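Chemist: Mind looking over this structure? Questions follow.
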Amino acid sequence: MGIQVNPFLGLLIFIYFISGGIMRFYLQIKGARLISKKLNCLQILGIDKILLFIPEFVPLSVLKPIYEELSIFDTEKYELEDYIKMLKVYRCIYIIPCVIGGSIILLCIFINTLL
């Protein structure tokens, strides 16, 4: 008793998860670049720079004021702006649907085991 999935739908789901992995890897590389250039404004707030390696746990509420305090002529401002934009896209397109989809799948599995 297995679930039959349309092969085209399966391929689309596979591509979706692969592109999410690629985007997460890109955000980790971008975070590493920000760390290597020693984004010192994070130390003022006591935020560990290693958080930039984990895109799911980067606090946007903290990065926004840092972005606004940086000078227009500072290159870190534009790098941080790119990082924030990509982080928002990653969270909206990949994290939220994966959490909701995973919750629905777990609920369906739980209901099926009870029946």
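Chemist: Checking the condition at pLDDT below 80 and either surrounded by 11 or more Cβ atoms within 10 Å (Cβ to Cβ) or among the aliphatic types (A, V, I, L, M) (or both), which residue from 44, 15 passes?
Modeler: Sole residue among the options that is at pLDDT below 80 and either surrounded by 11 or more Cβ atoms within 10 Å (Cβ to Cβ) or among the aliphatic types (A, V, I, L, M) (or both): 44.
Chemist: Could you check the range 78-103 and list, in sequence order, the residues that are under 27 Å from residue 68 (Cα atoms) and among the hydroxyl-bearing types (Ser, Thr, Tyr)?
Modeler: 78, 83, 90, 94
Chemist: Taking the range 64-109 only, how many residues are more than 14 Å from the chain's Cα centre (by Cα) and in a helix (DSSP H, G or I)?
Modeler: 23
Chemist: Moving on. With respect to residue 38, is the statement that it is touching a helix residue (DSSP H, G or I) at 6+ places or on another chain (Cβ under 8 Å) and either at pLDDT below 75 or more than 20 Å from residue 93 (Cβ to Cβ) (or both) true?
Modeler: Taking the combined requirement at face value, the residue does not satisfy it.
The values are calculated or read from the model by the stated rules, or taken from the named source; none is laboratory data. None of these values were measured; they are calculated from a predicted model. In this analysis, Cβ positions are derived from the backbone assuming ideal geometry, glycine residues included, and neighbour counts consider all displayed protein chains.
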